[in-house]
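The structure appears right after this line, and notes come after that.
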Amino acid sequence: MLGMARVIGETMVVLMVAGGAAAIPASIFDSVRPMPASIAAEMGEAPFRGLHIRRFFAIGIVLFFLTLFFNLVADYVSHKFRQIGSGTL
């Protein structure tokens with residue numbers, strides 16, 4: 001779960017490794033652009049108060065809720081498997 005949350009957060013490394021193509025891939029070997037990389041690559045070029053910048057904020061909200069979901073699942077799993085006794089923190 002922590003690895004998935006980190007993958008969502010890694011931006012520029014993923015942009016460089018994945019190829020940075022702003023297109024929907026046809027196969028698993030095509031270049032892609034993850035959501036955080038789209039924000040990082042195009043935010044400076046988006047017009048002020050335009051539809052393009054609103055899309056970036058929508059992507060940010062989706063990423064926020066994905067991160068929140070992974071954190072809630074990790075919290076649930078850690079509480080479920082918590083050991084009670086003198087040997088725990």
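Looking across the stretch 34-57, the residues that are of a type in the set (Gly, Ala, Ser) and either in contact (Cβ under 8 Å) with a residue 12 or more places away in the chain or farther than 23 Å from Glu10 by Cβ (or both) come down to Ala37, Ser38, Ala40, Ala41, Gly50. If you take the residues in the stretch 30-77 that are more than 17 Å from Arg6 (Cβ to Cβ) and among the hydroxyl-bearing types (Ser, Thr, Tyr), which one is farthest from the chain's Cα centre (by Cα)? Applying the filter and picking the extreme gives Tyr76. Determine, yes or no, whether Phe56 is loosely packed, with under 15 Cβ neighbours inside 10 Å and not β-branched (Val, Ile, Thr). So Phe56 fails the test.
Looking across the stretch 37-53 at every residue that is of a type outside the set (A, V, I, L, M) and not in a loop (DSSP other than H, G, I, E, B), the one that is most open to solvent (accessible area, probe 1.4 Å) is identified as Glu45.
The values are calculated or read from the model by the stated rules, or taken from the named source; none is laboratory data. Small disclaimer: the values here were computed from a predicted structure and weren't measured. A quick note on method: Cβ atoms are made from the backbone with ideal geometry, for glycine too, and the neighbour counts reach across all protein chains shown. Calculation scope for accessible area: heavy atoms of the full protein, side chains included, ligands and nucleic acids excluded. Shrake-Rupley method; radii C 1.70, N 1.55, O 1.52, S 1.80 Å.
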